[in-house]
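Student: Submitted below is the structure of interest, expressed as structure tokens.
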Amino acid sequence: MIAPSILSANFLELKKDIELINNSNADYIHLDVMDGVFVPNITFGVPIIKQIKTIAQKPLDTHLMIIQPERYIEEFADAGSKVITVHYEACIHLHRTIQQIKKTGALAGVSINPHTPVSVLENILCELDLVLIMSVNPGFGGQTFIPFSFDKIRQLKEIKEKNKYSFLIEVDGGVTLENAAELYKAGVDILVAGNTVFSNPDPLKTINEIREKMF
């Protein structure tokens, strides 16, 4: 599956870019919420997501790169988020936060930063709908893919298959036409692509080309 990230969209033409995704072969709209504390950037929050939801025809995949995300779970769910992903590094009581997400009816995801090993999630994987591997240091779009992310993806896939878990594996950061096929073969179910899609003169064609790499 493909989830274009609007972090790389033209915010002066956001409606146009959302409608572009609506008319594409993408599966999700990826929303990067940053607070300027957990990561060194500030993006957008609940009010913008509410507006996006009024025109979005694809499910909203909301990635919370914020401290104390448990304070806002219900608000992001009410705004229309189909998937809510929090960071392992930002949650003191991760299991409680996952249950909080599930109670809203949203799918529950956990993300880990590049320096965080997959092993820290082993006791919570059975509760998850999605695991997001950050393949760049979170905060900014357009960064270069960190190669050792492949090892983490393969390790996570092995754990998933061994235990017959059903969570999806998502990767975010530095996804390109050049590495999409290898990421898919390594075990990724959802590719988040921002700069690769929106920096291209023909985003719809790019989305189709990414999908072709996955087959």
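Student: Using a basic spin-label model with each label point 7 Å from the Cα along Cα→Cβ, how many nm lie between SER199 and GLU158?
Tutor: 3.3
Student: Another question about this same structure. Here are some pairs, LYS15/LYS82; LYS53/LYS185; LYS162/LYS185; LYS16/LYS213; LYS102/LYS213; LYS82/LYS152; which of them have Cα atoms lying more than 23 Å apart in this structure?
Tutor: Values: LYS15/LYS82 19 Å; LYS53/LYS185 32 Å; LYS162/LYS185 17 Å; LYS16/LYS213 26 Å; LYS102/LYS213 33 Å; LYS82/LYS152 25 Å.
Exceeds cut-off: LYS53/LYS185; LYS16/LYS213; LYS102/LYS213; LYS82/LYS152.
Student: Please compute P(r) over all alpha-carbon pairs of the chain, binned at 10 Å starting from zero, and give each bin as a whole-number percent.
Tutor: Bin by bin from 0 Å, the calculated values are 9, 37, 39, 14, 0.
Student: Which value in deg cm²/dmol, rounded to the nearest 500, describes the helix-derived mean residue ellipticity at 222 nm for the chain, given -39,500 (n - 2.57) per DSSP H run of n ≥ 4 and division by the residue count?
Tutor: Working: 8 runs with 71 residues, N = 215.
Rounded to the nearest 500, the figure is -9500 deg cm²/dmol.
Student: Please give me the summed charge of the neighbours of GLU75: other residues whose Cβ is under 14 Å from its Cβ, Lys and Arg +1, Asp and Glu -1. List each step's numbers first, then the result.
Tutor: Numbers: positive: LYS50, LYS53, ARG71, LYS103; negative: ASP35, GLU70, GLU74, ASP78.
So the environment of GLU75 carries a net charge of 0.
Student: Setting aside same-chain residues fewer than 8 positions from LYS205, which aspartates and glutamates have a Cα under 18 Å from its Cα?
Tutor: ASP17, GLU19, ASP27, GLU178
Student: Just grab the label-to-label distance for ASN25 and VAL120, each label 7 Å out from Cα along the Cβ direction, in nm (one decimal).
Tutor: Here the modelled spin labels are 3.7 nm apart.
Student: Residues with amide H under 5 Å of LEU168's amide H, sequence separation 5 or more or different chain, H placed in the peptide plane at 1.01 Å from N; which?
Tutor: When sequence neighbours closer than 5 places are left aside, the close amide H contacts are LEU130, VAL131.
Student: Given a Förster distance of 30 Å, report the FRET efficiency between MET1 and VAL37 from their Cβ-Cβ distance, rounded to the nearest 0.05. Could you put the intermediate results ahead of the total?
Tutor: Values: r = 30 Å, r/R0 = 1.00.
Efficiency computed from Cβ-Cβ geometry: 0.50.
Computed from the coordinates by the stated procedures, all read-outs in this text should not be read as laboratory data. On a predicted model such as this, the values are computed, not experimentally measured, just so you know. Ideal geometry is used to build each Cβ from the backbone, glycine not excepted, and the neighbour counts take in all protein chains shown.
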